[in-house]
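Comments concern the structure below.
FYI, it's all coordinate maths here, none of it is from the lab. Bear in mind that the values here come from a model prediction, so they are computed numbers and not experimental data. FYI the Cβ positions are ideal-geometry reconstructions off the backbone, even for glycines, and counts take in every protein chain you see.
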Amino acid sequence: MPESTSPHGYTPALVDFRAWVGRADWASGDFRGARVVDGARPGVIIGAPAGIVDYHNPYTGKTTSWEYATWTSPVRESTVPSTEAVASWNAHTPTGTWITVELRGTYNDGGVTPFYVMGRWAAGDQDIKRASVGGQTDGRSSISTDTLAIDEPAGGLRLVAYQLRLTLYRKPGEDVTPTVWRLGVMGSDVPDRFEVPASPPGPARNRELGVPRYSQEIHKGQYPEYDNGGEAWCSPTSSEMVIEYWGHRPPPADLARVDPSYSDPQICQAARSTYDHQYKGCGNWPFNAAYAATYRDLQSVVTRLGSLTDAERLIRAGIPIITSQSFLKTELDGAGYGTAGHLMTVIGFTADGDVIANDPASRSDAAVRRIYKRRQFENIWLRTKRRNAEGKVVNGSGGICYVYFPTRLNAAQRHALATTGII
């Protein structure tokens with residue numbers, strides 16, 4: 001497998017992450033009605049709209065006209081011929097605006113995918129219902145909610161280049177515009193594996209970050225229209241923990257919409273703000289990252305890491321991560337449950353290198369902090385194959401994580417993000 005080493009010494013043998021985030025990045029693309037806006041966070045906005053299009057919202061039954069503009073990235077070759085790709089974005093979508101993110105891949109035989117829709121997104125839900133798009137395939141690759149995947153990777157087909165397209169929408173005749181500050185794609189070729197090599201305890205031993213602790217379980221039955229209530233809210237609960245670690249909370253006007261009898265109303269708001277109306281859940285990876293980046297001076301990515309050593313580099317620099325894993329009850333001592341897919345927040349490591357996690361699948365906020373054995377945690381997070389309770393072979397996440405971090409980075413944070421391939 002081809003490898004390339006960055007100036008920071010990171011060798012992306014399994015994962016290649018690329019973001020468009022500054023003026024030079026945006027200027028490299030093709031503009032149709034869009035333009036770059038300068039400032040502390042240069043981004044793409046609607047300039048002179050390219051036209052008007054009707055959008056039929058399948059979740060409201062309404063058809064509405066929207067002005068639109070597009071920005072299309074150059075084709076970017078990947079350092080890792082990939083079996084999967086995940087896009088993520090950071091955007092501001094005021095009332096009356098929304099965006100679509102599309103991804104097109106180039107195969108190693110020269111063919112290309114369609115422009116797959118990776119998400120129709122807005123921070124609020126008053127104009128559209130944010131959603132992934134099901135049923136997208138060209139017979140060689142397909143979209144599963146938030147992931148573009150090769151259908152038969154054993155045959156050697158790979159994605160060797162990517163192109164992203166943004167479409168920005170607003171109500172006709174209005175001056176308001178969405179702004180996209182960051183747009184990224186993570187390509188990966190993590191091999192099929194039931195076991196992963198163990199990493200030795202490293203740079204973050206005996207380091208724990210002060211991340212707030214919130215339980216999803218205390219919200220069980222609340223707002224069942226958002227994926228049956230809190231028992232399925234591991235992703236937004238984890239996102240809210242990290243958002244608050246960085247000093248942010250939903251504004252009072254948003255919290256006022258939540259039943260005042262409910263504890264931790266910000267978790268309910270996070271669930272509403274990450275809900276995917278096609279997937280019918282709050283676990284869409286890019287939607288969670290995009291929600292985090294709606295807070296001022298906070299940015300986010302969805303990527304894969306290669307080991308707990310990578311996680312330790314981030315923790316040592318003060319950056320928690322949100323990890324996705326699936327496991328049987330017997331595979332993670334101290335969890336007390338098994339799961340087909342669950343998000344939790346890694347906040348530190350013990351002196352022995354075991355994982356300190358804020359696990360939202362806990363009976364109370366006070367019970368959220370857990371210590372999990374390093375070897376067990378690393379394996380259930382990084383593997384791509386496992387056997388479920390019936391003995392059937394099913395997929396694992398392969399090291400997927402959300403990373404939220406400030407726009408203003410200190411030297412240690414910048415170095416940690418660079419050495420894990422994020423910036």
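In sequence order, segment 36-43 has phi-based couplings of 8, 10, 8, x, 4, 10, x, x Hz under the Karplus curve 6.51 cos²θ - 1.76 cosθ + 1.60, θ = phi - 60°, and Gly or Pro positions carry x.
Between VAL196 and any residue 5 or more places off or on another chain, the built amide H atoms are never under 5 Å apart. Segment 346-423 and segment 158-193 have Cα centres separated by 25 Å.
Of the residues SER261, VAL393, ALA204, the one whose Cα sits farthest toward the positive end of the charge dipole of the chain, with +1 on the Cβ of Lys and Arg and -1 on the Cβ of Asp and Glu, is ALA204. A P(r) calculated from all alpha carbon pairs of segment 15-188, with 10 Å bins opening at zero, reads 10, 38, 34, 16, 2, 0 percent. Electrostatic bookkeeping for ASP25 treats Lys and Arg as +1 and Asp and Glu as -1; over the other residues with beta carbon under 10 Å from its beta carbon, the sum is +3. Only Cα pairs under 8 Å and 6+ residues apart enter the sum, and on that basis the relative contact order of the chain stands at 18 percent.
For a straight C-alpha distance cut-off of 20 angstrom, the aspartates and glutamates reachable from LYS392 (same-chain residues fewer than eight places away being disregarded) are ASP151, GLU152, ASP192, GLU195, GLU331.
Using every pair of separate Cα atoms, the Kirkwood estimate puts the hydrodynamic radius of the chain at 21.8 angstrom. Charges were assigned to the Cβ only: +1 to each Lys and Arg, -1 to each Asp and Glu. The resulting dipole of the chain about its Cα centre is roughly 460 debye. Phi-derived couplings, Karplus 6.51 cos²θ - 1.76 cosθ + 1.60 at θ = phi - 60°, listed residue by residue for segment 25-34: 4, 5, 5, 6, x, 9, 9, 10, x, 9 Hz, with x used for Gly and Pro.
Sequence-ordered 3J(HN,Hα) estimates for segment 327-332 from the Karplus curve with 6.51, -1.76 and 1.60 and θ = phi - 60° stand at 6, 7, 4, 7, 9, 9 Hz, glycine and proline given as x. Most tightly packed first, judged by the mean number of other beta-carbon atoms within 10 Å of their residues, the peptides 197-204, 91-98 read 91-98, 197-204.
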